[in-house]
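Since the structure comes first, as structure tokens, the remarks are kept for the end.
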Amino acid sequence: MARVSHKRVKQLLNEKRSKITDKQFFTSRILAGHYEDVAAAQSKRYRYDRRVHVNIYWDPKDGNAASTNNTSIVINAGHPWVTKTRGRMERYEMVSGLFAHELGHVLYTDFLAKQTYMNYLSKYKWYPAPPDLKTSRDTANERDFWEYVKLDPQNLKLAMQIASFIANVLEDGYIENRILSEFPGVLGYNLSVMRDRQFQDMGTVTQLIEREDDGSGHIFQSILQIMLSYALFGEIKYDDTPLSDERIQTVFQLIPQLDEAITTTSAKQRWKIVSLIMIRCWHHIEDYIELCKKQHEDAVAAGSGGTTGEVLSGLLQAISGASAESSGSGKPVAGSEAWKSPVSRAAARGRTQALARQNQSGNDEEKSDESGASASEEEESPEVPAPTQTDSENGSAADDVGAPLDSAGGASSKQETTDHEGGRIPEHQTDSASAPVGGSTEYDDEYQREMNENAASDIERMLDQMAEKAATKQLESERLKELNEAAQSISYGDIHSGVDIRVHRIAEVDDQLQEQYHAISAPLLNISRQLQRSLVQRLKDQQRGGKQTGLVMGRRLDAHALCRNDGKVFYKNNLPNEIPKISVGLLLDESGSMSCSDRSTYARAAAIILYDFCQSLNIPIMVYGHSTGWGSEVDLYSYAEFDSIDRDDKYRLMDIAARNSNRDGAALRYVAEQLSKRTEEVRLLILVSDGQPAASGYSGTAAEEDLRGIKQEYKRKGILFVAAAIGDDRQNIERIYGDSFLDITDLNQLPVKLTAVIKRFMRF
């Protein structure tokens, strides 16, 4: 194939780059690989020894935005959270935020704790211990809970499903808190961007109640939504709903436990809090489960499929901002508690805590029962002054200590509650906040601009990579067409009349081939390096000339070597000498018999070593394999060409394998013809085979005569042949190729002997 001009390549790159869609960009392996590299770099501090795999797909109909199984992260770039944003930059930040969230689960979530909790619950036990019940109502709720789940196995399964969802709400708050605290760079920034948009899209309490009224919601869903809002952002979007509302009060009374859940590194403690929430909200949960069962019955009556659990999953999925539950079997990374900052350092969270303390409600019994506990809880959650400055346009809230749990800044969180408001915060009064006496805060957007610039640079780099990949794929396709045209233009002789010659070449190397190569290549490349070291110095010496000492015979005596007792006391002066330029064609037999004794494996290993050896020494090399199809076809497999386009030929070598029969003559002539077009002084064709030709209509004396004729014809054109016999049919191969025969009895010596052949023809 003729070399591709730079102008053509540049034109093709621009063309491909301009046509890259968002779907192509976000689902590209290049972007997934970028996130994998980020995960590897950022998790080094924990000595996390597994590489996190990332898979990004595009499905607008899939309700899941992202998930992880502790070893791989899956992101749906087609989710409305992503697609409703405008511009590739904003979508990239959203996808990056989803990635940061799931990486938090990979690093910090104790997946085994969940399995243990569910095992205990299935045996009607709490894990790690029964929750601390403070009121008679909680005690009664616990009794009702056990009665209900023991009544029907289905009830238990649905209750376990809800417990898992509650745990995921708490876990989301915990892992995001840690990511924001421990990764304030790119990961933390993108997570913050995602969180801001997530909070903006979250429904208000008033809207949640409206959904309950029209039958599309349920009070427990509303409580979960409010709980999620607080766990993630420290804020609740009250709108014009009074703070005395049952839903708000339920979450207010759980704030100390929610604060503990998102800060403690103990998964056991978090699951203990899950149990308390289940009990505290039990009657709402019970009604929710019954609603779910009723909807399932109605669906079955209407002829729809699905299980009750699937119906419940659909209902829970409607909760805005909730992420998919993560699964796996791993333990969290080892870490200390040093990362934590007191919850009260977050301005928004502190304001919500203050509102909760000011607006506690409940019956007399509860107040009496909780009097001892409430005092201690207040001590653990000191009141925080209002923020000194707000930015209503970007929805941010700042505090004087820089808390890790910053919020998007809901309207209702920016005002204190006054007496005349009766526990309500009117929406029209939430546009400003008074500044405290002394001190000030400033909004610094330098960091944001820096992150934007970095993101833009990353996008541009990846777009260039994608364009290059698309361009090389097209060029490889064009090359394959040219190779097949060249194959058809060759006269193969009467013996191959009617035979269809086809050239195969992998246009785009996939990850599997690369992973396979990296898995086996290290020891093979070491062999290549050793073989190179034995040659490089001799190449340099021959090119620059100089004094050659340690000779047994010669005309000049080395006075400094007279003390030697091995007779190597002579020397000579060498004149500078140009190394003859050489090109190599390697043709591998891929007949079915190559599967015996792992011959194809040894041949592939030899090809990898020989290819690296030649590439390192700037020796042009092409590598082909050949076999026959089921009919009269000859299949030629192009693994490496003289002029590489995508620099992935080394990975293509992994496709070398035993296939069908072998029609050596056609393949040999094709490779010899390609070599004959080279301009190097030495053109070497190496054939690796385990036997004589054996194909339909091509065997015996006729086939042998064809091979001898090809050898003699191209020998006159300057092609040097070496036939390496690696099977039991060595005598027949020697008879065919004569002085070009190379006996390789020990397959382990195959790469060494092949490189020795190259060295020999370089005239050392």
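The values are calculated or read from the model by the stated rules, or taken from the named source; none is laboratory data. Just so it is clear, the structure is predicted and the values come from calculations on it, not from any experiment. Quick reminder, even Gly has a Cβ in these numbers, built from the backbone with ideal geometry, and neighbours come from all protein chains shown.
Summary of values
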{"item": "Segment 255-271 - residue that is assigned to a loop (DSSP other than H, G, I, E, B) and not hydrophobic (A, V, I, L, M, F, W, C) and, of those, nearest to the chain's Cα centre (by Cα)", "result": "Thr265"}
{"item": "Check on Gly303, out of contact with any strand residue (DSSP E or B) (no Cβ under 7 Å at 6 or more places or on another chain), free of Cβ contacts under 8 Å to residues at least 24 places away in the same chain and either over 22 Å from Arg211 (Cβ atoms) or in a loop (DSSP other than H, G, I, E, B) (or both)", "result": "yes"}
{"item": "Evaluation of Ile73 against (1) out of contact with any His (no Cβ under 8 Å at 6 or more places or on another chain); (2) in a strand (DSSP E or B) (one fails), failing number", "result": "(1)"}
{"item": "Residue within segment 486-493 that is aromatic (Phe, Trp, Tyr) and touching a strand residue (DSSP E or B) at 6+ places or on another chain (Cβ under 9 Å) present", "result": "yes"}
{"item": "Any chance Ser18 is under 16 Å from Ala471 (Cα atoms), more than 13 Å from the chain's Cα centre (by Cα) and either modelled with pLDDT of 95 or more or hydroxyl-bearing (Ser, Thr, Tyr) (or both)", "result": "yes"}
{"item": "Pick from segment 631-673, criterion under 28 Å from the mean Cα position of the chain (by Cα) and at pLDDT below 90, ranking: farthest from Pro620 (Cα to Cα)", "result": "Asp646"}
{"item": "Matching residues in segment 690-718 - criterion: being at pLDDT below 90 and either under 19 Å from Gln674 (Cβ atoms) or in contact with a Gly (Cβ under 6 Å, 6 or more places away or on another chain) (or both)", "result": "Asp690, Gly691"}
{"item": "Residue identified as surrounded by fewer than 19 Cβ atoms within 10 Å (Cβ to Cβ), within 13 Å of Leu98 (Cα to Cα) and touching a residue at least 12 places away in the same chain (Cβ under 8 Å) among Asn69, Asn76, Asn55", "result": "Asn55"}
{"item": "Subset of segment 737-764 (residues that are closer than 17 Å to Ser689 by Cα, surrounded by 15 or more Cβ atoms within 10 Å (Cβ to Cβ) and either among the charged types (D, E, K, R) or touching a residue at least 60 places away in the same chain (Cβ under 8 Å) (or both))", "result": "Leu747, Leu750, Pro751, Val752, Lys753, Leu754, Thr755, Val757"}
{"item": "Failed condition for Arg51, given (1) in a helix (DSSP H, G or I); (2) more than 28 Å from Met202 (Cα to Cα)", "result": "(1)"}
{"item": "Residue in segment 195-213 that is without any contact (Cβ under 8 Å) to a residue 60 or more places away in the chain and crowded, with 22+ Cβ neighbours inside 10 Å present", "result": "yes"}
{"item": "Hey, Gln516 of a type in the set (S, T, N, Q) and under 23 Å from Ile619 (Cα atoms) or not", "result": "no"}
{"item": "Conditions (1) charged (D, E, K, R); (2) out of contact with any Phe, Trp or Tyr (no Cβ under 8 Å at 6 or more places or on another chain); (3) within 23 Å of Gln674 (Cβ to Cβ); number of the one not met by Lys753", "result": "(3)"}
{"item": "Filtered residues of segment 306-335 (kept if touching a His at 6+ places or on another chain (Cβ under 7 Å), under 23 Å from His218 (Cβ atoms) and either assigned to a loop (DSSP other than H, G, I, E, B) or assigned by TED's automatic domain parsing to the domain that holds Gln115 (or both))", "result": "Ser323"}
{"item": "Residue in segment 130-140 that is touching a Phe, Trp or Tyr at 6+ places or on another chain (Cβ under 6 Å), not acidic (Asp, Glu) and not in a loop (DSSP other than H, G, I, E, B) present", "result": "no"}
{"item": "Boolean, Met94 is assigned by TED's automatic domain parsing to the domain that holds Phe145 and under 24 Å from Ile319 (Cα atoms)", "result": "no"}
{"item": "Some residue of segment 667-677 being free of Cβ contacts under 8 Å to residues at least 60 places away in the same chain and aromatic (Phe, Trp, Tyr)", "result": "no"}
{"item": "Residues that are in contact with a Lys or Arg (Cβ under 9 Å, 6 or more places away or on another chain), assigned to a helix (DSSP H, G or I) and touching a residue at least 40 places away in the same chain (Cβ under 8 Å), drawn from segment 221-254", "result": "Gln221, Ile223, Gln225, Ser229, Tyr230, Leu232, Phe233, Phe252, Gln253"}
{"item": "Where a residue in segment 581-602 is surrounded by 15 or more Cβ atoms within 10 Å (Cβ to Cβ) and its partner, wherever it lies, is aromatic (Phe, Trp, Tyr), with Cβ under 6 Å and at least six apart", "result": "Leu587/Tyr624"}
